[in-house]
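J.: Here you go, one structure.
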Amino acid sequence: NDVRKVNPAHVDLTMAFGDSISAAFAARAGVQEDRDIAFSGGEGTKDQMTFPWLMSQYNYDVEGMSTRRAFPMDFWHLPSGDYHSKTDHLNFAESSGSVFRGSLDEQWGLLQKTRGDYDNFDSKWKVLTVWLFSNDVCG
């Protein structure tokens, strides 16, 4: 009843919108998106801390993070179509994503489609990290 009493254990879902930074493109060197260690949306480990990993230390049932690294789905047509539904969960980041290319709208649409996969989505505490504007500087 009082937002001042919210603590990390209350967070049930972590979500991320973003560009290649949030998709962790080449984080381990190479041309893969290392989505599992993305700071805002990857499951992480104690040696590769991510925001979802930190939340999972307070709530073992936290959901939504990417669980695997992956190649961009359609490298030549990025940013569109770079969501891996089986492993990305609520991390909608896409390499080359930018607002002027429609990424924010696309990622919002994916969230709307995916929310039904989570019981009581509307009543759970969620954190959405938006880190998207790197490719918009010149656009």
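The values are calculated or read from the model by the stated rules, or taken from the named source; none is laboratory data. Remember, it's a predicted structure, so these values are computed and weren't measured experimentally. No Cβ is skipped: glycine too gets one built from the backbone with ideal geometry, and neighbour counts run over all protein chains shown. Ligands, DNA and RNA are stripped out before the accessible areas are found, and what is left, the full protein with its side chains, is counted by its heavy atoms. Shrake-Rupley method; radii C 1.70, N 1.55, O 1.52, S 1.80 Å.
J.: In the chain, if the dipole is taken from +1 on Lys/Arg beta carbons and -1 on Asp/Glu beta carbons about the Cα centre, which of ALA38, TYR118, VAL137 is farthest to the positive end?
T.: Final value for the positive-end residue is ALA38.
J.: Right, something else. Go through segment 31-38 residue by residue and turn each phi into a ³J(HN,Hα) via Karplus (6.51, -1.76, 1.60, θ = phi - 60°); whole Hz please, and just put x for glycine and proline.
T.: 9, 8, 8, 8, 4, 5, 10, 4
J.: Which of these, VAL31, VAL62, VAL11, has the largest mean-square fluctuation under a Gaussian network model of the chain (Cα springs below 10 Å)?
T.: Taking springs between Cα atoms under 10 Å, the residue moving most is VAL31.
J.: For segment 1-81, what does the alpha-carbon gyration tensor say about shape, rounded, prolate or oblate, given a ≥ b ≥ c as the root eigenvalues, a/c under 1.5 as rounded, and a/b over b/c as prolate?
T.: prolate
J.: Do you know the relative contact order of segment 32-139, to the nearest whole percent, from alpha carbon pairs under 8 angstrom that are 6+ apart?
T.: Details: 147 pairs, mean separation 21.3, N = 108.
About 20 percent, as a whole number.
J.: Which distance in Å, rounded to a whole number, links the C-alpha centroids of segment 32-64 and segment 88-134?
T.: 16
J.: Right, another one. Nearest 10 degrees, 0 to 90: what angle lies between the long axis of helix 103-114 and the longest principal axis of the chain (Cα atoms)?
T.: That helix lies at roughly 50 degrees to the long axis.
J.: Report, to the nearest whole %, how much of the accessible area of the chain belongs to carbon and sulfur atoms, 1.4 Å probe, protein only.
T.: Carbon with sulfur: 54 percent of the solvent-accessible area.
J.: Place a point 7 Å from Cα of ASP136 in the direction of its Cβ. Which residues in segment 12-33 have their backbone N less than 14 Å from it?
T.: In segment 12-33, the label zone of ASP136 (backbone N under 14 Å from the point 7 Å along Cα→Cβ) covers 17-20.
J.: Dividing the alpha-carbon radius of gyration of segment 50-139 by 2.2 N^0.38 Å (N being the number of residues), what value is obtained?
T.: Relative to the rule-of-thumb radius for its length, segment 50-139 sits at 1.15.
J.: While we're on this one: Given the pairs LYS5/LYS46; LYS86/LYS113; LYS5/LYS124, which are separated by over 21 angstrom at their Cα positions?
T.: Violating the 21 Å Cα-Cα cut-off are LYS5/LYS46.
J.: In what sequence, highest mean first, do 46-57, 83-94 appear when ranked by Cβ atoms within 10 angstrom?
T.: 83-94, 46-57
J.: To the nearest 500 deg cm²/dmol, what mean residue ellipticity at 222 nm is calculated for the chain from DSSP H runs of n ≥ 4 alone, each contributing -39,500 (n - 2.57), summed and divided by the residues?
T.: -4000 deg cm²/dmol
J.: Rounded to the nearest 0.05, what FRET efficiency is calculated for LYS113 and VAL6 with R0 set to 30 Å and r the Cβ-Cβ distance?
T.: 0.65
J.: Does segment 84-136 come out rounded, prolate or oblate by the C-alpha gyration tensor, with a ≥ b ≥ c the root eigenvalues, rounded set by a/c under 1.5 and, if not, prolate when a/b is larger than b/c and oblate if not? Before the final figure, lay out each step's value.
T.: Numbers: a/c = 2.29, a/b = 1.89, b/c = 1.21.
Verdict is prolate for segment 84-136.
J.: Using a probe radius of 1.4 Å on heavy atoms only, what accessible surface per residue do you get for the chain? Whole Å² is fine.
T.: 57
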